[in-house]
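Beneath this line is the structure, given in structure tokens, with notes to follow.
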């Protein structure tokens, strides 16, 4: 019940409602600005409703909302007016100026309310509990595996990846520990103002490799546009893909969002953040979000004939596919066996392993926030800055285990499909067939591709 527990449901939700109108040119700017004005006229009421609805929220939720509120207010001060700078109608602009100023003032009032009236008394519990966790997995992912068994699976994969990382680190420098090798790698990163270009430079090489190795068919479509992460997502997101709906016909732009350092950050915070975007990690992030990850799956979805498969998506399919792609591409030869790239892939895998375990343990009462951060750092080999953002995310995204869960399900499906096809098996055929199933749970995908109800794990 986020409307009772999470202040960001209101501030982030209303900001997103403006962002989606502003972002894509689905109608003339004048028409879209009228829609913005109509929505902005309701935003002060929505933020007033928050003051009535919020009932002892968890402190971490209030802190996340307060962290994002200044950027959200700046979004209305700068980004929204700039997005509609082409509009010349004086009456329309006057209406917008009034509605936008009212929103800015409402945000300032809301921030003060949270800071002075809510934060000091915020003692709510973010945990959903074991029974709700079990139900959420069943209803969202069609996964009915007991939580204790899931933890066994999660720890086993964590330990496999930790061992693999030790072996790769020894190839780079046998005299150093894994953490020391990672520390060296993390220092090699682009300058903050070159981060976006580093991602752009990666795209064509990925497409060429996919075509030459016959990894997957990529439907026709331009590459996504790189953008800075929207202000209402920055506190809990480092990179993401924003694609239009499967039935969208007027505007087909897709956006690859990357959270660049805030210019107001101290130098050490900026350096710590850029270390998480080191040169071993950029290819893996591009693989996950774009080629052949989320963006390629989006291109396939828009060509499907099934209405249900166009509309229905679950996390273990979408995030499982993108995470599976990170390992699969290197296994197939991307990077020519470069151990530094493999370290980056394994670091990302360990991040998802930590999410798997932390999500279950935090929400079933077996791990505190501090213990979760510590787990990301010590067991997931993550930077402190990453551990902080990941722990925050886990408080409101309890089943972010879907990355590793889906990846393991896809790997098992691939092996079972290989046995079924025998000598006729090809990776291209498997991936294309998988894409044709859309984003439904792996239990349904297995039934379609294998013709049975065998276990997904």
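Laboratory data are not the source of any read-out in this text; all were calculated from the coordinates shown. Everything quoted here is computed from the prediction, not taken from an experiment. FYI the Cβ positions are ideal-geometry reconstructions off the backbone, even for glycines, and counts take in every protein chain you see.
When you restrict to C-alpha pairs under 8 Å that are six or more residues apart and normalise by the size of the chain, the relative contact order lands at 17 percent. Please state the shape class of the stretch 134-404: rounded when a/c is under 1.5, otherwise prolate if a/b exceeds b/c and oblate if not, all from the C-alpha gyration tensor. Rounded shape, in that the Cα axes give a/c under 1.5.
Ordering 220, 143, 20, 445 from the fewest to the most neighbouring beta carbons within 10 Å gives 220, 20, 445, 143.
Relative to the current alpha-carbon distance between residue 26 and residue 218, full extension at 0.36 nm per residue lengthens the span by 66.6 nm. Kindly identify the stretch 2-121 as rounded, prolate or oblate by the Cα gyration tensor criterion: order the square roots of the eigenvalues as a ≥ b ≥ c, call it rounded if a/c is under 1.5, otherwise compare a/b with b/c, prolate if a/b is larger, else oblate. It comes out prolate by the Cα gyration axes. Anisotropy class assigned to the stretch 79-136 is oblate, per the alpha carbon gyration tensor with a/c at or over the 1.5 cut-off and a/b no larger than b/c. Computed from the C-beta positions of residue 269 and residue 183 and an R0 of 25 Å, the FRET efficiency is 0.90 to the nearest 0.05. The gain in end-to-end length when the residue 97 to residue 331 segment is fully stretched comes to 78.8 nm, 0.36 nm per residue minus the alpha carbon separation. If you average the alpha carbon positions of the stretch 256-326 and of the stretch 75-111, how far apart do those two centres end up, in angstrom? If you average the Cα positions of each part, the centres end up 31 Å apart. Distance from the Cα centre of the stretch 399-415 to that of the stretch 1-70, in angstrom? Centre-to-centre distance over Cα atoms comes out at 33 Å.
Here the sum of -39500 (n - 2.57) over DSSP H runs of 4 or more residues, divided by the residues of the chain, equals -19500 deg cm²/dmol at 222 nm, to the nearest 500. Measuring r between the beta carbons of residue 415 and residue 42 and using R0 = 60 Å, the FRET efficiency lands at 0.70. Here the extension length gained between residue 448 and residue 160 equals 100.7 nm, from 0.36 nm per residue of separation less the Cα-Cα distance. Cα centroids of the stretch 348-366 and the stretch 184-245: 25 Å apart.
Our summary gives the stretch 134-404 a relative contact order of 23 percent, counting only alpha carbon pairs under 8 angstrom and 6 or more residues apart. Shown here: Cα extents along the principal axes in Å, derived from the displayed model; of the candidates [x] 65, 61, 41; [y] 91, 64, 49; [z] 69, 46, 45, it corresponds to [z].
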